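What follows is a short report on a single structure.
Please treat every number below as a calculation from the coordinates, not as lab data. On a predicted model such as this, the values are computed, not experimentally measured, just so you know. Glycine gets a Cβ as well: all are built from the backbone with ideal geometry, and neighbour counts include every protein chain shown.
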Number of protein chains: 2
Amino acid sequence: MTTSVKTKLVDAFSAKDASASLEATKIPRRDLLADDVEIEILFSGVCHSDLHQVRNDWKGTTYPIVPGHEIVGKVSAVGSEVKNFKVGDIAAVGTMVDSCGTCQNCLDGIESYCLAPATQTYNGHDKHLNCPTYGGYSDSIVVREKFVLSIPEGLDLAGAAPLLCAGITTYSPLKHWKVGKGQKVGVVGLGGLGHLGVKFARALGAHVVLFTTSPSKIEDAKKLGAHEVVLSKNADEMQKHTSTFDFILDCVSADHDLDAYLNLLKRDGTHCIVGAPANPQPVSVFSLITGRRNLAGSGTGGMQETQEMLEFCAQNKIVSEVEMIEMSQVNDSYERLLKQDVKYRFVIDMKKSKK
Amino acid sequence: MTTSVKTKLVDAFSAKDASASLEATKIPRRDLLADDVEIEILFSGVCHSDLHQVRNDWKGTTYPIVPGHEIVGKVSAVGSEVKNFKVGDIAAVGTMVDSCGTCQNCLDGIESYCLAPATQTYNGHDKHLNCPTYGGYSDSIVVREKFVLSIPEGLDLAGAAPLLCAGITTYSPLKHWKVGKGQKVGVVGLGGLGHLGVKFARALGAHVVLFTTSPSKIEDAKKLGAHEVVLSKNADEMQKHTSTFDFILDCVSADHDLDAYLNLLKRDGTHCIVGAPANPQPVSVFSLITGRRNLAGSGTGGMQETQEMLEFCAQNKIVSEVEMIEMSQVNDSYERLLKQDVKYRFVIDMKKSKK
């Protein structure tokens, strides 16, 4: 730890290794720098990537780890040069808390693709304290103003938390590939990402088709906005949609047959993956060549686009479907995540968790 | 065979099964319909896909097969309604001889992606004669005017033949993805496709980097127009180019590591495959997500774009590097193709072959 920045200790929940449960701990938060905002955390979403990183599924986890990058809270202090936030404002933090600011992607305002790379909200490297960054499963967080978002009035705060990762991860590619009216758009998988993908694609005016392996999700998918639901295990049903989709948003994090979806795209269509299967997935080159089709991936969005997404949500009354939990339930919630037993995102009520 | 269309028999070379050599035979060509052009074939390029289809590598070959879809010749007769060709004109035929004309891709002028699909020049279905279509390893061919191309003055006719498949297959994606000045563009593999990819990318104004596994190709690649050559087996050399390419044209038909190339793309860059590995290729989703990168495939172009490509070649003095052969050498040329022992395209001199 460098000596130039003073810190205070705050309550948090961390895992000490890949097989450990999350337990109460204390972590350092820096005293405010001039452009820093301190946020007292109200709600913290539970993202599937929290589980992946706590358990070191993607390798590269530094322990102890304090997960959480879907953070909504109340501003409790601001640095001397902060302009857009004041104490008492409702604010939010997503998947990153800093970036280099000088690479082409930062200059283009898409800090999420910073080549440095961007400093992740947790399990990143805190350049001020020379330790890992610690996320939202904690009482408070200190973040540069540039990486703090405003929550527009009218959004349910608990339902808004998952927008900070699951929301922007699905909104950003739909906007980048210009999804809109007159288009046929697929969403693969009805989980934390997919259910928001359906809501966004519908609000953007597309004809929305939800692909799922679970007949039990058909009714829910339609309630959430899907015009059609296709059971992806039914080859005949899939076949009927050959060469008809403009865009498919793939929210599945398990191994699955990409060619089955690529063949559903029109000429020049894009199948964009936002789920993150850990294993390489086989792709037949012919699925791509036969329609000049694209297989793409997309991460989260830049700060400007994330703010735009929050405004879009307020205008279109979109929030995540959530199941509220307290910190004492978080280890159990991870087990339920593995069984896809959540509709559709766990959100931790941090205040209740303190009782 | 239907009785409504009369035919005449012409000399050709066919394989009777997947293990057979090509041998002299007779095939039917229809008497001219009103919009037909008859072409006396002068030169026929030898495409790697001829070999694949003769040997049924892609399955679905109907025997006997007469390969050849890089055809340059002289118009020997025209139907009563043909407007743009007259006897004696130099004309060409590429990979297709018909399409449905009514699907969206045909309406968009990109007949190569016809959903019917397009009628391939050989090993397609000839709707007039109700038999397989027969390609350019023959004395003459009869094709609808719409699918006949003009060869601009000044192009070497033998060197122009490979433009009809290898040329348009590399030109079309470079144009579709708007390759031009100020861009860094990779070409993977220096064979029949790759050497034309290098020439086109250079002529379009890009900074061109050729990737090869063969140190012996470095000098040739530079002569053909590459600004840099990277040995793709050298991980350190590859690493230096991380996140710097706008576009990579992948001309390799063998299994190869796609992630190694995807990681060289800038944000929003595209790796476009025009080679056609027979096996599915594994792709790490993280290679795509980390830079919103695209993996695409591209086939040949539409008729209008193919004609535009030929004009571009005339303006920029681009033809294929060729090794001339006669029909008696074609079986041997297939064996040499498998060893990549050609610089850079075999072209059959059909007139000499008749002697």
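Which condition number in (1) within 18 Å of A:GLU323 (Cβ to Cβ); (2) away from chain B (no Cβ under 14 Å); (3) not charged (D, E, K, R) is the one that A:LEU210 fails?
Among (1) within 18 Å of A:GLU323 (Cβ to Cβ); (2) away from chain B (no Cβ under 14 Å); (3) not charged (D, E, K, R), A:LEU210 violates only (1).
How many of the residues making up region B:30-79 are part of a strand (DSSP E or B) and in contact with a Lys or Arg (Cβ under 8 Å, 6 or more places away or on another chain)? Reasoning before the result, please.
Just the residues of region B:30-79 that are part of a strand (DSSP E or B), to begin with: B:30, B:36-45, B:65, B:71-78.
From the residues that got through so far, the ones that are in contact with a Lys or Arg (Cβ under 8 Å, 6 or more places away or on another chain) too are B:30, B:36-40, B:42, B:45, B:75, B:78.
Summing the residues that are part of a strand (DSSP E or B) and in contact with a Lys or Arg (Cβ under 8 Å, 6 or more places away or on another chain) in region B:30-79 gives 10.
Return the pair list, or none, for Cβ contacts closer than 6 Å from residues in region A:167-193 that are away from chain B (no Cβ under 14 Å) to residues that are part of a loop (DSSP other than H, G, I, E, B), at least 6 apart or on different chains.
Close Cβ pairs (under 6 Å, with a partner that is part of a loop (DSSP other than H, G, I, E, B)) amount to A:VAL179/A:LEU204; A:VAL179/A:ALA206; A:GLY180/A:LEU204; A:GLY180/A:GLY205; A:LYS181/A:GLY205; A:VAL185/A:VAL179; A:VAL185/A:ALA206; A:GLY192/A:TYR344.
Of B:ALA278, B:ALA260, B:ALA206, which residue is buried (at least 22 other Cβ atoms within 10 Å of the Cβ) and either closer than 30 Å to A:THR169 by Cα or in contact (Cβ under 8 Å) with a residue 24 or more places away in the chain (or both)?
Being buried (at least 22 other Cβ atoms within 10 Å of the Cβ) and either closer than 30 Å to A:THR169 by Cα or in contact (Cβ under 8 Å) with a residue 24 or more places away in the chain (or both) holds for just one of B:ALA278, B:ALA260, B:ALA206, which is B:ALA206.
Which of (1) assigned to a loop (DSSP other than H, G, I, E, B); (2) surrounded by fewer than 24 Cβ atoms within 10 Å (Cβ to Cβ) does A:LEU190 not meet, given it meets every other one?
For A:LEU190, the failing item is (2).
Hey, could you check region A:273-294 for residues that are within 28 Å of A:ALA166 (Cβ to Cβ) and touching a Phe, Trp or Tyr at 6+ places or on another chain (Cβ under 8 Å) and say which is nearest to the other protein chains (Cβ to nearest Cβ)?
This residue is A:ALA276.
Taking region A:295-340 as the search range and keeping residues that are charged (D, E, K, R) and not in a helix (DSSP H, G or I), which one is nearest to the other protein chains (Cβ to nearest Cβ)? Let's see the steps before the verdict.
Pass one, region A:295-340, residues charged (D, E, K, R): A:305, A:308, A:311, A:317, A:321, A:323, A:326, A:332, A:335-336, A:339.
Applying the additional criterion that residues be not in a helix (DSSP H, G or I) yields A:317, A:321, A:323, A:326, A:339.
Values: A:LYS317: 28, A:GLU321: 24, A:GLU323: 27, A:GLU326: 32, A:LYS339: 22 Å.
Top of the filtered list is A:LYS339.
Scan region A:92-117 residue by residue and report those that are away from chain B (no Cβ under 11 Å), crowded, with 21+ Cβ neighbours inside 10 Å and of a type in the set (Gly, Ala, Ser).
Those that are away from chain B (no Cβ under 11 Å), crowded, with 21+ Cβ neighbours inside 10 Å and of a type in the set (Gly, Ala, Ser): A:ALA92, A:GLY94, A:SER99.
Give the residues of region A:220-272 that are within 14 Å of chain B (Cβ to nearest Cβ) and at positive phi, sorted by residue number.
A:SER243, A:ASP268
Scanning region A:171-187 for residues that are of a type in the set (Gly, Ala, Ser) and surrounded by fewer than 20 Cβ atoms within 10 Å (Cβ to Cβ), which turns out nearest to the chain's Cα centre (by Cα)? Working first, answer last.
We begin by selecting, within region A:171-187, every residue of a type in the set (Gly, Ala, Ser); these are A:172, A:180, A:182, A:186.
Keeping just the survivors that are surrounded by fewer than 20 Cβ atoms within 10 Å (Cβ to Cβ) gives A:180, A:182.
Details: A:GLY180: 22, A:GLY182: 27 Å.
Checking each candidate, the answer is A:GLY180.
Which numbered condition in (1) part of a loop (DSSP other than H, G, I, E, B); (2) surrounded by 24 or more Cβ atoms within 10 Å (Cβ to Cβ) is the only one that B:ILE168 fails?
Here B:ILE168 clears every test but (1).
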